[in-house]
Amino acid sequence: MSAERIIVTDVLPQVDCGRWPAKACVGDRVDVSATIVRDGHETLRAVVRYRRPKGRWREAPLAALGNDRFAGEFEVDAVGRWRFEIEAWVDRHAGWLEEHDRKVAAGQEDLSGELAEGEALFGPGPVDDWRGLAPGLGGRERHGASRSGTLDVDVERERARTGAWYELFPRSWGGLEGVTEVVPQLAALGFDVVYLPPIHPIGRTNRKGRNNAEAAAPGDVGSPWAIGSPEGGHDAIDPGLGNEGDLRELVVELRRHRMELALDLALQMSPDHPWLREHPEWFQHRPDGSLKYAENPPKRYQDIHNLDWETRDRKRLWNAIREVVEHWCGLGVTVFRVDNPHTKPIPFWEWLIRQVRSRYPETVFLSEAFTRPAPMTLLAKAGFSQSYTYFTWKNTKAELVELVEQLRSWSLYLRPNLWPNTPDILHATLQTGGRPAFELRLVLAATLSPSYGIYSGYEACENVPVRAGTEEYLDSEKYELRERRLDGVLLPLVKRLNDIRRAHPALTGAGLERLTWLETETDHLLGYARALDEDVVLVVVNLDPFAVHDGVCVIPAELGLPERVDVVDGLTGETYDWGARNYVRLGPGKAHVLELAR
């Protein structure tokens, strides 16, 4: 039986009793707290012991908050898996002084016994000398010390938390060389990440035609997600897009502009993929021996076959996928957007991400898991750096508040990346709301979350569905070649928002836990503040793309702003004198993004 009298419990941060690590980014100060209890009235002291990967243990003090709760912090300055634990002990020296002072204050005259105890603790000397010795002696002796269990913090670089993404199909921009040429323009607009859907050879068997037609016509280019042909599989580049040399040049150009390349990792294969010939046991078969194609009723994907995750050859399959990812890492790819990870085993992702990061620790993984909360959050816990969210479908004030509060409850392990559109999702709000809908959704995505992204065409307000009642684009770029160039009526707004984001750590340097809702007294206006240290940004958005709305914006005292403060709208340059309660009137889809005047 344990004889330890100090109990350390309720240690934070921890995820699922320590099964998964909490998350942080380089430069963060990790807030730590614990409940520490001992019988009696002894004075307790505590520290957080922490260490970086393969480093030595260091310590930082915890302060007593009252009611047995202690708190402190430590800074993380390198990527990798950090460890921490709480150590607590009885500070007999401080405890003796506190008891002595209480008795003196109560008028007790005979303190001979207490002074004898003091000499045993401190050595000969007057009480005033002992006061100077107490802090050092109490910290060294650590009488009755007890430690908590050890917990982990997964520390990644800043890109795991923040970034502005732009998605484009390279075949619509002149291949990899054409993408390289447009990098300076994308950089000038303030984007951080260029994300390319699969760049691999596309299968010919059962190739899909335009608008997802089951049969391709002559000249149809097929879907990039139908990966694999005689030219190669997941480790090859479609010859029509370029070669590895072109990819390296793209990476160099991106780095020259302090940008990064994200590639799509889609673990699905066309009937022509080399693996079907070389490793048929890796794929799903029907009882009659025929290969199953992918389905998500009512959708059918005859041009795609899924892996059999229960194959007896699991070890070789997992390692083959790891080799694919590391191949692209070796060519300079630092970010992967993973297609539908919730349809693959979570233990596989936990293994793969740790394997890749052990060799390429800077690698960032974005989970495209539009699924139920439980698998979405489990993927984040298993190691994904970021996750798509339900933002694309949340448009009313109540829906947005509910979404953000849900994301805040996951902030220990899930970092959101907000997308108002994707190649698969053209929401009804964008189809019917015109340019104002595109503007308001862009402002929300860019100011609610440290990471957000748009799919090309958004800046031009492309909003025509293939048919009524669907979220698919007409003449979808997934199935046909388009001739793209970087233009569109929203590009000035995109640039301005990205400039504001870069100027304000409040928008990019912390997650949604630093967001404060602002009362507007109307469901049409959504108000919120993003704050980090002395930096504060106030945002009010008209959620109605069809009508003007007015209301108020109430600034709570907890933000710590002066009673009157000049604020400048970063979108228009207009200046306002704001106080605790402020009148707001906004046109359809318009917004204030207010910075404190300097």
State the number of residues belonging to region 407-421 that are surrounded by fewer than 20 Cβ atoms within 10 Å (Cβ to Cβ) and more than 14 Å from the chain's Cα centre (by Cα).
0
I'm trying to understand the selection: among the residues of region 501-515, which are hydrophobic (A, V, I, L, M, F, W, C), in a helix (DSSP H, G or I), buried (at least 19 other Cβ atoms within 10 Å of the Cβ) and in contact (Cβ under 8 Å) with a residue 60 or more places away in the chain?
507, 512
Can you tell me which of (1) more than 19 Å from residue 440 (Cβ to Cβ); (2) touching a Phe, Trp or Tyr at 6+ places or on another chain (Cβ under 9 Å); (3) open to solvent by less than 30 Å² (accessible area, probe 1.4 Å) is the one residue 540 doesn't meet?
(1)
Residues (assigned to a helix (DSSP H, G or I) and not polar (S, T, N, Q)) located in region 391-406:
391, 393, 397, 398, 399, 400, 401, 402, 403, 404, 405
With the structure loaded, tell me whether residue 400 is of a type in the set (A, V, I, L, M), open to solvent by less than 10 Å² (accessible area, probe 1.4 Å) and in contact with a Phe, Trp or Tyr (Cβ under 9 Å, 6 or more places away or on another chain) or whether it fails that test.
yes
Consider region 173-232. How many of its residues are touching a residue at least 40 places away in the same chain (Cβ under 8 Å), among the charged types (D, E, K, R), open to solvent by 20 Å² or more (accessible area, probe 1.4 Å) and over 17 Å from residue 256 (Cα atoms)?
5
Within region 2-28, can you find the residues that are open to solvent by 60 Å² or more (accessible area, probe 1.4 Å) and either over 20 Å from residue 53 (Cβ atoms) or in contact with a Phe, Trp or Tyr (Cβ under 7 Å, 6 or more places away or on another chain) (or both)?
2, 3, 4, 5, 7, 10, 12, 16, 17
All-but-one check, residue 582 against (1) outside any loop (DSSP other than H, G, I, E, B); (2) polar (S, T, N, Q); (3) in contact (Cβ under 8 Å) with a residue 60 or more places away in the chain, failing number (3)
For region 255-292 the number of residues that are over 21 Å from residue 327 (Cβ atoms) and among the charged types (D, E, K, R) is 6
Considering only region 98-147, state which residues are basic (Lys, Arg) and within 53 Å of the chain's Cα centre (by Cα).
102, 131, 140, 142, 147
Given 352, 366, 379, which one is in contact (Cβ under 8 Å) with a residue 40 or more places away in the chain, buried (at least 21 other Cβ atoms within 10 Å of the Cβ) and not charged (D, E, K, R)?
366
Give me a count of the residues in region 105-117 that are surrounded by 12 or more Cβ atoms within 10 Å (Cβ to Cβ) and closer than 17 Å to residue 41 by Cβ.
2
Give just the number: which of (1) farther than 22 Å from residue 456 by Cα; (2) at pLDDT 85 or above; (3) open to solvent by 30 Å² or more (accessible area, probe 1.4 Å) does residue 120 not satisfy?
(2)
Scanning region 335-347 for residues that are under 20 Å from the mean Cα position of the chain (by Cα) and either open to solvent by less than 30 Å² (accessible area, probe 1.4 Å) or at pLDDT below 95 (or both) gives 335, 336, 337, 338, 339, 341
Inspect region 303-314 for any residue being in contact (Cβ under 8 Å) with a residue 40 or more places away in the chain and closer than 22 Å to residue 380 by Cβ and give the result as yes or no.
no
Taking the options 45, 38, 69, name whichever one is open to solvent by 30 Å² or more (accessible area, probe 1.4 Å), charged (D, E, K, R), closer than 17 Å to residue 146 by Cα and within 33 Å of the chain's Cα centre (by Cα).
69
Pairs, first in contact (Cβ under 8 Å) with a residue 40 or more places away in the chain and part of a strand (DSSP E or B) in region 522-534, second among the polar types (S, T, N, Q) and open to solvent by 10 Å² or more (accessible area, probe 1.4 Å), C-beta under 7 Å, six or more apart:
528/516
Suppose the filter is surrounded by fewer than 15 Cβ atoms within 10 Å (Cβ to Cβ) and either within 30 Å of residue 454 (Cβ to Cβ) or of a type in the set (Val, Ile, Thr) (or both); does residue 298 pass it?
yes
Quick check on this structure: which one of 72, 80 is closer than 30 Å to residue 122 by Cα and touching a Pro at 6+ places or on another chain (Cβ under 8 Å)?
72
Answer with yes or no whether residue 51 is among the charged types (D, E, K, R), over 30 Å from residue 350 (Cβ atoms), open to solvent by 30 Å² or more (accessible area, probe 1.4 Å) and under 51 Å from the mean Cα position of the chain (by Cα).
no
Return the total of residues in region 5-22 being under 18 Å from residue 409 (Cα atoms) and out of contact with any Leu (no Cβ under 6 Å at 6 or more places or on another chain).
8
Filter pass, residue 562 being in contact (Cβ under 8 Å) with a residue 12 or more places away in the chain and either open to solvent by 30 Å² or more (accessible area, probe 1.4 Å) or polar (S, T, N, Q) (or both):
no
Looking for something modelled with pLDDT under 95, more than 20 Å from the chain's Cα centre (by Cα) and not in a helix (DSSP H, G or I) - is there at least one such residue anywhere in region 306-326?
yes
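For every residue, the table says whether it meets (1) more than 25 Å from residue 537 (Cα to Cα); (2) open to solvent by less than 30 Å² (accessible area, probe 1.4 Å); (3) touching a residue at least 40 places away in the same chain (Cβ under 8 Å); (4) assigned to a loop (DSSP other than H, G, I, E, B).
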position: 446; (1), (2), (3), (4): no, yes, yes, no
position: 454; (1), (2), (3), (4): no, yes, yes, no
position: 459; (1), (2), (3), (4): no, yes, no, no
position: 463; (1), (2), (3), (4): yes, no, no, yes
position: 468; (1), (2), (3), (4): yes, no, no, yes
position: 471; (1), (2), (3), (4): yes, no, yes, yes
position: 475; (1), (2), (3), (4): yes, no, yes, yes
position: 478; (1), (2), (3), (4): yes, yes, yes, yes
position: 481; (1), (2), (3), (4): yes, no, yes, yes
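The values are calculated or read from the model by the stated rules, or taken from the named source; none is laboratory data. In this text the structure is predicted, and so the values were computed from the model without any measurement. Backbone-built Cβ (ideal geometry, glycine too); neighbour counts: all protein chains shown. We work out accessible area using only protein heavy atoms, side chains counted, and drop any ligands, DNA or RNA first. Shrake-Rupley method; radii C 1.70, N 1.55, O 1.52, S 1.80 Å.
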